[in-house]
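Reviewing the structure listed below.
The values are calculated or read from the model by the stated rules, or taken from the named source; none is laboratory data. Since the structure is predicted, the reported quantities are computational estimates derived from the model, not experimental observations. Cβ sites come from the backbone with ideal geometry, for glycine too, and all protein chains shown count toward neighbours.
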Amino acid sequence: MTAEPVDVILPCLDEAGALPGVLGALPRGFRAIVVDNGSTDGSPEIAAGLGATVVPEPRRGYGAAVHSGLEAARSEIVCFLDADGSLDPRELPALVAAVDGGVQLAVGRRVPAARGAWPWHARAGNVLLSSLLRGRGLAVHDIAPMRAVRRAELLALGVADRGFGYPLELLIKVGRAGWRVREFDVTYRPRANGTKSKVSGSVRGTARAARDMARIWRA
């Protein structure tokens, strides 16, 4: 794996209970950039106290948060990871090594570690979208929140969505550009402290994400 530091961008909205575990599990050489998307539970202060760089992003939306983190990052290779404790940061080095070895995008394919880790309504939408992408020639099985990529290449790709459609637009543009993509099985756990995801934790949240992704697909 590259000897250079790797910035890890963590979009964050009220994840005070999860941040200590997530940041504490980052491997050596990985630097946390926590993008606060309007938390009211002290998440920014907790992240800063644990040594993370904290970037405020007042515009609500997954795409807005990850793009602000991308702009703030300085490493050649950057990673993206949810801040809710559902994904293990210790699995990031394998993705980074793949990018360092010539892959243009390394993504995690979520494998649920426990019953209820991935609600049926969120999983069903993911299956549908990934199958549509495979129909376009992009061999992915997950619209995944764990990724590694070269910062300059991602910026040049010009992903414009600032809502929940960001991951889908990213993969559509990656497919059109003919990028070399590799998937890795990664453990997907229940969120820290038993809290629910703002997106997949409810049918309403999933519907909101589906609306954004449908807009991207039609475009």
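Taking the conditions exactly as written (surrounded by 22 or more Cβ atoms within 10 Å (Cβ to Cβ), assigned to a helix (DSSP H, G or I) and among the small types (G, A, S)), does A48 satisfy them or not? Spelling it out, it is not the case that A48 is surrounded by 22 or more Cβ atoms within 10 Å (Cβ to Cβ), assigned to a helix (DSSP H, G or I) and among the small types (G, A, S). On inspection, G135 does not qualify as farther than 27 Å from P58 by Cβ, at pLDDT below 90 and not aliphatic (A, V, I, L, M). Against the test of being assigned to a loop (DSSP other than H, G, I, E, B), out of contact with any Pro (no Cβ under 8 Å at 6 or more places or on another chain) and either over 22 Å from E91 (Cβ atoms) or among the hydrophobic types (A, V, I, L, M, F, W, C) (or both), the options L128, L138, L170 yield a single qualifying residue, L138. Consider only pairs whose beta carbons are under 7 Å apart and that are at least six residues apart or on different chains; among these, list those whose first residue lies in segment 106-120 and is within 11 Å of P190 (Cα to Cα) and whose second residue is of a type in the set (K, R) and assigned to a strand (DSSP E or B). Within 7 Å, the pairs are W118/R110. Kindly list the number of the only condition in (1) over 26 Å from R215 (Cα atoms); (2) surrounded by fewer than 19 Cβ atoms within 10 Å (Cβ to Cβ) that fails for G178. Status for G178: all satisfied but (1). Restricting segment 68-126 to residues that are aromatic (F, W, Y) and in contact with a strand residue (DSSP E or B) (Cβ under 9 Å, 6 or more places away or on another chain) leaves a set whose member that is surrounded by the fewest Cβ atoms within 10 Å (Cβ to Cβ) is W118. Restricting attention to segment 147-167 and to residues that are without any contact (Cβ under 8 Å) to a residue 40 or more places away in the chain and outside any loop (DSSP other than H, G, I, E, B), the residue that is surrounded by the most Cβ atoms within 10 Å (Cβ to Cβ) turns out to be L157.
Scanning segment 181-196 for residues that are small (G, A, S) and either in contact (Cβ under 8 Å) with a residue 24 or more places away in the chain or surrounded by 22 or more Cβ atoms within 10 Å (Cβ to Cβ) (or both) turns up just one, A192. Residues in segment 23-38: is at least one at pLDDT 95 or above, in contact with a Gly (Cβ under 7 Å, 6 or more places away or on another chain), over 21 Å from E57 (Cβ atoms) and surrounded by fewer than 17 Cβ atoms within 10 Å (Cβ to Cβ)? No. Among the residues of segment 1-14, none qualifies, meaning not one is under 20 Å from A148 (Cα atoms), hydroxyl-bearing (S, T, Y) and part of a strand (DSSP E or B).
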